[in-house]
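Here the structure is laid out as structure tokens; the discussion comes afterwards.
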Amino acid sequence: MAISAPQKKTAGRRGRSAPGLIFGDLWQYDPAPETADPKLKPRYDLFIDGEFVAPRGGKYFDTINPANEQKLAKIALAGAADVDAAYRAAHRAYEKVWSRTSGRERAKYLFRIARLLQDRAREFAVAETMDGGKPIKESRDFDVPMCAAHFFYHAGWADKLEYVAAGRRVAPLGVVGQVIPWNFPLLMLAWKIAPALAMGNCVVLKPAETTSITALKFAEILQDAGLPPGVVNFVTGAGATGAAVMAHPLAAKVAFTGSTEVGKIIMRSLAGSGKKMTMELGGKAANIVFDDAPLDQAVEGIVNGIFFNQGHVCCAGSRLLVHEPVADAVLAKLKNRIKVLRVGDPLDKNTDLGAINSKDQLEKIRELVDSGVKEGAELYQPPCRLPEKGFYFRPTLFSDVTMSHRIAREEIFGPVLSILTFRTVDEAVEKANNTAFGLSAGVWTDKGSRILKMSTELKAGVIWANTFNKFDPASPFGGYKESGFGREGGRQGLLDYAKLT
Ligand code: NAI
Ligand code: MG
């Protein structure tokens, strides 16, 4: 909305505002960029057997900052021979050192890793934001502290493993291969590495190709912690490197987080191999708001559920199911709320939505949003200005959505909320479960009995009540149906890295 002419003139006379000012600008804060040095190197090699080594093929690829499309560093491209060297190092470390290291000793390393990460928290948060595009307030207040929390939590378990499975003994599996995505690079690394090491396994991990930097900085922490060489190895590259990590014969178990499509390819290729597997794949979570819910709180939860990290969240509350009597009120409140979300420079401490992780992901979001408009849903986007360089997408609401629309069925993985309505509890459950996925769900209501009923009937691995996107290392996370299988976090997560004897 343009401000009225007299105001514009006054502002212009005082020389304080540019022509074409839009209403939202009146609410903008001054820029508050984070200035900590991310200590980036121009080139990152592979981390194998405790050392940084050049890839055998001599090839590197660029990683960019999606907020401004500038190159940040070059990253080693690992081929099959490098992946093999990483596995051999991990296997040696497992046989000679780690499987003979007591739980009490392993705990000390995990504690040390967590403490060293805390010491360098701001530096890691800035690096995470620059490589991936997420707002600094998230990487600073969520990703890095949660990463440390996972190492602390699992350090506590390492010498108490006899309590993981009552009446049974647990043993490590050996070497595990892990591939992670770009939405929470450090946190996904922690979810994978901390339970594996606590249980006594060794690791070969591949970060996503757009966000490898913090894994390689994390390798410096492993060196500083004195972790024995080969216990954790990082190989970098894209899909082919990931496939080599998943297929290696020395992998006793593989763990994957990423798209359902790639998860299915991996499952097919490993069928019959005897490898243990865990898969954390896509989602299309329903956030369900009943008419007795505290609506203002619910609106905050809905906004956090879908716009957190630009919607690059597998458990994002990407479908809002709202009870018909309050549907108009909730939509009006949501529109008001997203008008004041600040979209822009991820390094600015006031930014709510940062950059979309890559051009490919931005294209995917645009394509799905176009399909929503074509299929007849009603689109709303606030009139915020986006930076000219970099990959950005406005927070987007779709109302009048039906279950047959692609935006109600497919994972968009962007800041796009599809709103549907319901009349009865049964209809809410029916619609929420009518999806190929089953990772998470949210319920907003004043009634405890309704929360209990919903949480038994919803087919989702995590169900939040009167909140959304809350995490704790002690709480297992994972999906049903095409969202995958296996759990990460808690006692259940440790069991997925163990043999029961
Ligand atoms: P992706 O599944 O291709 O990438 C995830 C990881 O798997 C990356 O490290 C990648 O290098 C690796 N990878 C790719 N092909 C592989 C293969 N054949 N074998 C082993 N590893 C392989 O996901 P992408 O293309 O980055 O994103 C596409 C869509 O997937 C997104 O739009 C989103 O909907 C979904 N996604 C879901 C995630 C989740 O956490 N559930 C995370 C990332 C993406
Ligand atoms: Mg990058």
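The values are calculated or read from the model by the stated rules, or taken from the named source; none is laboratory data. Computed from a predicted model, the values in this text were never measured in an experiment. Backbone-built Cβ (ideal geometry, glycine too); neighbour counts: all protein chains shown. Heads up: the accessible areas ignore ligands, DNA and RNA and are worked out on the full protein's heavy atoms, side chains in. Shrake-Rupley method; radii C 1.70, N 1.55, O 1.52, S 1.80 Å.
Relative to the present Cα-Cα distance, how much length would full extension add between Glu367 and Asp119 at 0.36 nm per residue of separation?
85.1 nm
If I fit a long axis through the Cα atoms of helix 359-374 and take the longest principal axis of the Cα atoms of the chain, what angle between them do I get, 0 to 90°, rounded to 10?
Value to nearest ten degrees: 40.
Between Lys96 and Leu500, how high is the FRET efficiency from 1/(1 + (r/R0)^6) when r is the Cβ-Cβ distance and R₀ = 25 Å? Nearest 0.05.
0.50
Going by accessible area, probe 1.4 Å, with all protein chains left in place, what is the ranking of Asp82, Asp296, largest first?
Correct descending sequence by accessible area is Asp296, Asp82.
With the cut-off at 1.5 for a/c, could you classify segment 224-337 from its C-alpha gyration tensor as rounded, prolate or oblate?
Prolate, since a/c reaches 1.5 and a/b exceeds b/c.
7 Å from Cα along Cα→Cβ at both Asp360 and Ala80: what's the point-to-point distance in nm?
Roughly 2.2 nm, to one decimal.
Quote the FRET efficiency, to the nearest 0.05, computed for Ala36 versus Ser455 with a Förster distance R0 of 51 Å and r equal to the Cβ-Cβ distance.
After rounding, the FRET efficiency stands at 0.80.
If each of Lys349 and Lys108 carries a label point 7 Å out from its Cα toward its Cβ, how far apart are those two points in nm?
Each label point is offset 7 Å from its Cα along the Cβ direction, giving 3.8 nm.
Starting from the 7 Å offset along Cα-to-Cβ, what nm value, one decimal, do you get for the label separation of Ala329 and Ser475?
Distance between label points: 2.7 nm.
Once the Cα atoms of helix 448-457 and of the chain are each reduced to a long axis, what angle between those two axes, in degrees from 0 to 90 to the nearest 10, is obtained?
Roughly 60 degrees, rounded to the nearest 10.
Can you give the relative contact order of segment 285-444 as a percent, counting alpha carbon pairs under 8 Å and 6+ residues apart?
Across segment 285-444, relative contact order equals 34 percent.
Is the shape of segment 359-473 rounded, prolate or oblate, going by the alpha carbon gyration tensor and its root eigenvalues a ≥ b ≥ c, with a/c under 1.5 for rounded and a/b larger than b/c for prolate?
prolate
Only bridges whose two residues both fall in the chain count here: according to DSSP, what percent of them are antiparallel, nearest 5?
Looking only at bridges with both residues in the chain, the antiparallel portion is about 35 percent.
When only C-alpha pairs under 8 Å and at least 6 residues apart count, what is the relative contact order of the chain, in percent?
18 percent
Can you pull the accessible area of Arg92 for me, 1.4 Å probe, Å² to the nearest 10?
Spelled out: Arg92, probe radius 1.4 Å, area about 110 Å².
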